[in-house]
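Here is the structure we will look at.
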Amino acid sequence: MRSLLFSLLFLSPSLVLASSEGPGASEAPPPQWAPSASPQEAAPSAESTALAVLHTSARIAVELGALSVTSLAMGVPGLAVGSASCQNHSGVGACIDEAASGFLVGATVGAPIGIMWGAHLLGGKGTWGGTLLGAGVGAGTGTVVSLLLVEKGEFVIVPSVALVGSVLGSFVGYELSHAANSAPPAPSDVHMQPLVAVSQGGMTLGLGGRF
């Protein structure tokens, strides 16, 4: 009789736990799939792309305006220096080549300054290093090429080509540094997610990861 009572005492909690959990308690809930994005949800992405293109166009326009201002501001002192360095004083137009060369050299120096100034007015993320590097490479390449191709007596072409190279190189250098600073951060290699294990005895919570 005593052994029968002990058996009933041990079996009663198990029967109560099994009846409270039910037949489907040991099964995990089915996964819920998120609905696919509708065309209306994709519209903001296209609108943001259009705004980004519009902002870039406006920034380049402002860069061109600032470039004109700084090139002119640096070109006027260059013109004065070029005129002062002329040794030929035989006529009014005798020093036109020296004056023009001085103006173009000054404008070449002022080009990257204007591009940086105009871009920063509209929130550009380019760097001085990238802009100046592009200007130096462009002006240097233009100078070397023009020196190899120019004929004697036409040296005013050399600073003209250097100015064009400085402008193009400044644009390229600034846009490359701007794109590098605007890129989204690289995704992390560490991935963590919560895990749930359901059994007849209860529920267990944990974390799973990929490294």
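Just so you know, all these numbers are worked out from the coordinates, no wet-lab data involved. Because the structure is a prediction, the values reported are computed rather than measured. For neighbour counting, all protein chains shown are included, and Cβ atoms are generated from backbone atoms with ideal geometry for every residue, glycine included.
Rounded to the nearest 0.05, what FRET efficiency is calculated for Trp128 and Val53 with R0 set to 25 Å and r the Cβ-Cβ distance?
Numbers: r = 25 Å, r/R0 = 1.02.
After rounding to 0.05, the efficiency reads 0.45.
Quick one: length gained pulling Ser85 to Ala61 fully straight, 0.36 nm per residue minus the C-alpha distance?
Value of the extension gain: 5.1 nm.
Under a crude label model (7 Å from the Cα following the beta-carbon direction), how far is Ser68 from Leu176 in nanometres?
2.8 nm
Using the Karplus curve 6.51 cos²θ - 1.76 cosθ + 1.60 with θ = phi - 60°, work out ³J(HN,Hα) for each residue of the range 129-135 in order, rounded to whole Hz, and write x for Gly and Pro.
Karplus-based 3J(HN,Hα) across the range 129-135 equals x, x, 5, 5, 5, x, 5 Hz.
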